[in-house]
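Comments concern the structure below.
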Amino acid sequence: QIMSQAEGQQKNLVQAIEALPNSGPLTALDQDLLLLKATSAATLSCLGECLSLLQQSMHQVGQQHTRTLSSEGILGWPGPKSHSTEQLKNGALSSLSSASANITWAIVPSAAQDAQALQPNTEHSASELILAEDEMTDTEDNEEEDLGVMDDQRSVILHLISQLKLGMDLTRVVLPTFILEKRSLLEMYANFMAHPDLFLSIAAGATPEERIICFVEYYLTAFHEGRKGAVAKKPYNPIIGETFHCSWDVPKDKVKAFRTNGASTVSKDSAKELGQDQSTCYKLRFVAEQVSHHPPVSCFYCECKEKKMCVNAHVWTKSKFMGMSIGVSMVGEGVLHLLEHEEEYVFTLPSAYARSILTIPWVELGGKVNINCARTGYSATVTFHTKPFYGGKVHRVTAEVKHNPTNTIVCKAQGEWNGTLEFTYSNGDTKVIDTTKLPVIRKKIRPIANQGPLESRHLWQHVTNSLKEGNIDAATEHKHRLEERQRAEERQRATLTTPWKPKYFAKEGDGWLYMNPLWKT
């Protein structure tokens, strides 16, 4: 009863704040009032959680004593039913005035836009051939500035927070454009391959033990370039059917067998001089595709024919609101195939957290990841440690490689995933890798003019250009058009009951597989 009263009072408070004028001494976007809205909504959510926990434990105690208490007899609190939350879940937010907020939210499209968007999409019907000679070395620097504490931006984020519920799935929530980084999520996965020399070195290991240790070394160094340090910006959500293609020319003399690998000592200057002569290089190819929109599932496949190795992965990004931070789980798995050794390494991915979303946001990785090779009996556990509330270091990671049949630990690692990593081997040897000094081999990508309409950089070019120019309103408008086209095509498919057919990947069991992988050819 008290919860219902509190909810009613909070609703009145929100209505009173939202009824304030948009200009004058006290407006609906006043910092303190927005914070009051956000805090009261979060408090109600917490109290609701507490109440349901109490009811569950009461229920269990009652069951143990009498076995007669039915769950229907317990009063449940359904949680705040604010109109704004429902609106938010449907992805349609009323437009905030650009003057006060410097950003326009997604609005319901006009019928004319709808008709335009309903052009049938034939792009994905024929698989095009990506020619290596068309690709050029990527010149994008991908540098991102930290999100500063701009008052107008904070107003928008506060407005958003005040309408979210703890634990709420953010998949359908339209986030403000200024928190976007200038690349698609599909390209971010490609950037995890920024050290392809370390990746190809896995197959050069002479024994199963060396190969899994090499994989762990590569895995731990992959995230700093993919995540661009700790800048808390979010890549574009790929639209269904979006693809990203690139490749790397990896000099053969950089791919070394285990422990002789001197990659960490190579200077950045020598990385620039890495020869592009095909005969002295291994060719590593990458393709990614967004195969599903709800839930959002991305797939990527990477292969090197010469080294007879490839990796296939599918990832469902699940985001959740957690008060003053946002958590993103990477649900799914990848499999690395070493065909020469007939080995398969199954691996998972860590979660990411955007912290301090009201001040200067930053990103950290968290959670336990497993790497497992059933054939050899070797496995590895990698733990990304989140920073404790008081004290403690950030970006800490620890790892352990184990031979399961004999229960022996063959390698341990510790350090920071975006800093220095120290490896200790069973024979007492140690090795230090400084991820900030590892040479980055730039990917090769076709110019935008040569890309298909659904390739990431071609698709998002207007949003990216507007963000580079600092024109948030234009970026928001371009982004909104893309999202609206996707919704219209989705409605069309639902009407015609024609499911989406991906171009490069096919569903198999719970996962997705590349249609023409190396192990088939």
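Can you spot a residue in the stretch 322-345 that is more than 14 Å from the chain's Cα centre (by Cα), of a type in the set (Phe, Trp, Tyr) and within 27 Å of residue 256 (Cβ to Cβ)? Looking for residues that are more than 14 Å from the chain's Cα centre (by Cα), of a type in the set (Phe, Trp, Tyr) and within 27 Å of residue 256 (Cβ to Cβ), one finds at least one in the stretch 322-345, hence yes.
Taking every residue in the stretch 357-376 that is within 26 Å of residue 388 (Cβ to Cβ) and pairing it with any residue that is part of a loop (DSSP other than H, G, I, E, B) and among the basic types (Lys, Arg), at least 6 positions away or on another chain, the pairs with Cβ-Cβ distances below 7 Å are 363/227; 364/387. Screening the stretch 1-96 for helices (runs of 4 or more DSSP H) wholly inside it with 2 or more residues that are open to solvent by 80 Å² or more (accessible area, probe 1.4 Å) and either modelled with pLDDT of 80 or more or touching a Ser or Thr at 6+ places or on another chain (Cβ under 8 Å) (or both) returns the ranges 2-18, 31-66. Considered as a group, the residues in the stretch 314-371 that are of a type in the set (Gly, Ala, Ser) and over 24 Å from residue 394 (Cβ atoms) include one that is surrounded by the most Cβ atoms within 10 Å (Cβ to Cβ), and that residue is 334.
The requirement of being hydroxyl-bearing (Ser, Thr, Tyr) and either surrounded by fewer than 22 Cβ atoms within 10 Å (Cβ to Cβ) or under 18 Å from residue 221 (Cα atoms) (or both) is not satisfied by residue 378. As for the stretch 505-521, it holds no residue that is in a loop (DSSP other than H, G, I, E, B), closer than 23 Å to residue 314 by Cα and in contact with a Gly (Cβ under 8 Å, 6 or more places away or on another chain). Filtering the stretch 494-510 to residues that are open to solvent by 100 Å² or more (accessible area, probe 1.4 Å) and at pLDDT below 90 leaves 495, 496, 497, 499, 510.
The values are calculated or read from the model by the stated rules, or taken from the named source; none is laboratory data. For clarity, every value in this text was computed on a predicted model and none was experimentally measured. Ideal geometry is used to build each Cβ from the backbone, glycine not excepted, and the neighbour counts take in all protein chains shown. Ligands, DNA and RNA are excluded from the accessible area calculation, which covers all protein heavy atoms including side chains. Shrake-Rupley method; radii C 1.70, N 1.55, O 1.52, S 1.80 Å.
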